[in-house]
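Visitor: What follows is a structure written as structure tokens; I'll ask about it next.
The values are calculated or read from the model by the stated rules, or taken from the named source; none is laboratory data. Because the structure is predicted, anything quoted here is derived from the model rather than measured. Please note: Cβ atoms are built from the backbone with ideal geometry, for glycine as well, and neighbour counts cover all protein chains shown. Please note that ligands, DNA and RNA were not included when accessible areas were found on the heavy atoms of the full protein model with its side chains. Shrake-Rupley method; radii C 1.70, N 1.55, O 1.52, S 1.80 Å.
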Amino acid sequence: MDVNADFTRRVVLHADALPWEASPMPGVQRRRLDRVDGDPERVTTLVRYAPGSRFSAHVHGGGEEFIVLDGVFQDDYGDWPAGSYIRNPPQSGHAPGSVAGCTILVKLWQFDPQDRTFVHAHIDRLGAVPHRDRDGVAVSPLFEDAHEQVRIERWAPGARVTIDVPGGAEVFVLDGGFRERDDRLRVHSWLRSPPGSRIEADAGARGARVWIKTGHLQHVVRAS
């Protein structure tokens, strides 16, 4: 079943307003943000692991990208606490789970098929560089190639933030919040802005820390 599969449309969702759904694995639940039904299945979702739950070993033919939002996620590559940003490229494999339980934001089948770059980073330990063209914005790069750019941005309280996104963008709120158009985004709110659009955000009184991914929405291909 498609979920928010029209990538020409702007979408805002608040994770805490979405119901948890059961996954095929006991103890693992999910909240889908978008999904393009087919084989392969492109999906963006929040996944919650109950303590002691896990998936069996599998290969990600289209790659997997995720942020650990709480708890500790574990797989063949290590133990990843809250704040970890992970990219497991196409053809990588693992057996994920969590002894203590965790919640992650995860994206599947959204890589350049030739990408073989692993990224293991912790966003709380990264330095941030003031943006040269946008006052009140500091940037921590996470990944960039010809297909996409991924970064953390810190927006000062009250900052007016304008971002042109010719290739589309996703913004996920990690801390604080902001207003964009008529929507107020809070912690774990998600904005998807279509290709050719502009994001015009006003940071709240506490500012905002956001995960931003740009460029990738121009590469969406629906399965026939």
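Visitor: Within the stretch 1-30, count every residue that is under 20 Å from GLN110 (Cβ atoms), open to solvent by 40 Å² or more (accessible area, probe 1.4 Å) and in contact with a Phe, Trp or Tyr (Cβ under 8 Å, 6 or more places away or on another chain).
Guide: 1
Visitor: Let me ask another. Quick check on my filter: what residues within the stretch 31-77 are basic (Lys, Arg), within 18 Å of ALA95 (Cα to Cα) and within 17 Å of the chain's Cα centre (by Cα)?
Guide: From the stretch 31-77, those basic (Lys, Arg) are 31-32, 35, 42, 48, 54; that's our starting set.
Those still in the list that are within 18 Å of ALA95 (Cα to Cα) too: 48, 54.
The one that is basic (Lys, Arg), within 18 Å of ALA95 (Cα to Cα) and within 17 Å of the chain's Cα centre (by Cα): ARG48.
Visitor: Taking the conditions exactly as written (of a type in the set (Lys, Arg) and either at pLDDT below 95 or over 19 Å from ARG186 (Cβ atoms) (or both)), does ARG10 satisfy them or not? Before the answer, list the steps.
Guide: Values: of a type in the set (Lys, Arg): yes; either at pLDDT below 95 or over 19 Å from ARG186 (Cβ atoms) (or both): no.
Spelling it out, it is not the case that ARG10 is of a type in the set (Lys, Arg) and either at pLDDT below 95 or over 19 Å from ARG186 (Cβ atoms) (or both).
Visitor: A further question follows. Within the stretch 31-67, can you find the residues that are hydroxyl-bearing (Ser, Thr, Tyr), buried (at least 16 other Cβ atoms within 10 Å of the Cβ) and over 17 Å from LYS213 (Cα atoms)? It would help to see each step written out before you state the result.
Guide: So the first thing to find is which residues in the stretch 31-67 are hydroxyl-bearing (Ser, Thr, Tyr), and the list is 44-45, 49, 53, 56.
Checking the rest, the ones that are also buried (at least 16 other Cβ atoms within 10 Å of the Cβ) come to 44-45, 49, 53.
Listed by number, the residues that qualify are TYR49, SER53.
Visitor: Here is a further query. Has the stretch 76-94 got any residue that is open to solvent by 50 Å² or more (accessible area, probe 1.4 Å), in a loop (DSSP other than H, G, I, E, B), touching a residue at least 40 places away in the same chain (Cβ under 8 Å) and closer than 23 Å to ASP145 by Cβ?
Guide: yes
Visitor: Look through PRO19, PRO40, PRO24, PRO51 and report the one residue that is free of Cβ contacts under 8 Å to residues at least 12 places away in the same chain and either more than 19 Å from SER193 (Cβ to Cβ) or in a loop (DSSP other than H, G, I, E, B) (or both). If you could, list the steps in order and put the result at the bottom.
Guide: Details: PRO19 fails: free of Cβ contacts under 8 Å to residues at least 12 places away in the same chain; PRO40 fails: free of Cβ contacts under 8 Å to residues at least 12 places away in the same chain; PRO51 fails: free of Cβ contacts under 8 Å to residues at least 12 places away in the same chain.
After ruling out the rest, the residue left standing is PRO24.
Visitor: Tell me, which residue of the stretch 100-147 that is part of a loop (DSSP other than H, G, I, E, B) and of a type in the set (Lys, Arg) is least open to solvent (accessible area, probe 1.4 Å)? Reasoning before the result, please.
Guide: Residues of the stretch 100-147 part of a loop (DSSP other than H, G, I, E, B): 100-101, 109-118, 126-128, 131-136, 145-147.
Still in the list and also of a type in the set (Lys, Arg): 116, 132, 134.
On the way: ARG116: 126, ARG132: 218, ARG134: 31 Å².
Restricting to residues being part of a loop (DSSP other than H, G, I, E, B) and of a type in the set (Lys, Arg), the top hit is ARG134.
Visitor: Right, something else. Would you say VAL68 is out of contact with any helix residue (DSSP H, G or I) (no Cβ under 7 Å at 6 or more places or on another chain), assigned to a strand (DSSP E or B), more than 30 Å from GLU200 (Cα to Cα) and of a type in the set (A, V, I, L, M, F, W, C)? First the steps, then the outcome.
Guide: Working: out of contact with any helix residue (DSSP H, G or I) (no Cβ under 7 Å at 6 or more places or on another chain): yes; assigned to a strand (DSSP E or B): yes; more than 30 Å from GLU200 (Cα to Cα): no; of a type in the set (A, V, I, L, M, F, W, C): yes.
No, not satisfied.
Visitor: Name the pairs: first residue in the stretch 184-212 and more than 25 Å from ALA121 (Cα to Cα), second residue open to solvent by less than 30 Å² (accessible area, probe 1.4 Å) and polar (S, T, N, Q), Cβ to Cβ under 6 Å, at least 6 apart or on different chains?
Guide: Qualifying pairs under 6 Å: ILE199/SER193.
Visitor: Restricting attention to the stretch 95-122, which residues are among the hydroxyl-bearing types (Ser, Thr, Tyr) and touching a residue at least 40 places away in the same chain (Cβ under 8 Å)?
Guide: Step one: filter the stretch 95-122 for residues among the hydroxyl-bearing types (Ser, Thr, Tyr), giving 98, 103, 117.
Selection gives SER98, THR103.
Visitor: Do we have any residue at all in the stretch 112-133 that's of a type outside the set (Val, Ile, Thr), closer than 22 Å to HIS219 by Cα and at pLDDT 95 or above? First the steps, then the outcome.
Guide: Start the filter on the stretch 112-133 by keeping residues that are of a type outside the set (Val, Ile, Thr), which leaves 112-116, 118, 120-122, 124-128, 130-133.
Filter once more, so that each one left must be closer than 22 Å to HIS219 by Cα: 112-116, 118.
Retained after the next criterion (residues that are at pLDDT 95 or above): none.
No; the residues of the stretch 112-133 include none that is of a type outside the set (Val, Ile, Thr), closer than 22 Å to HIS219 by Cα and at pLDDT 95 or above.
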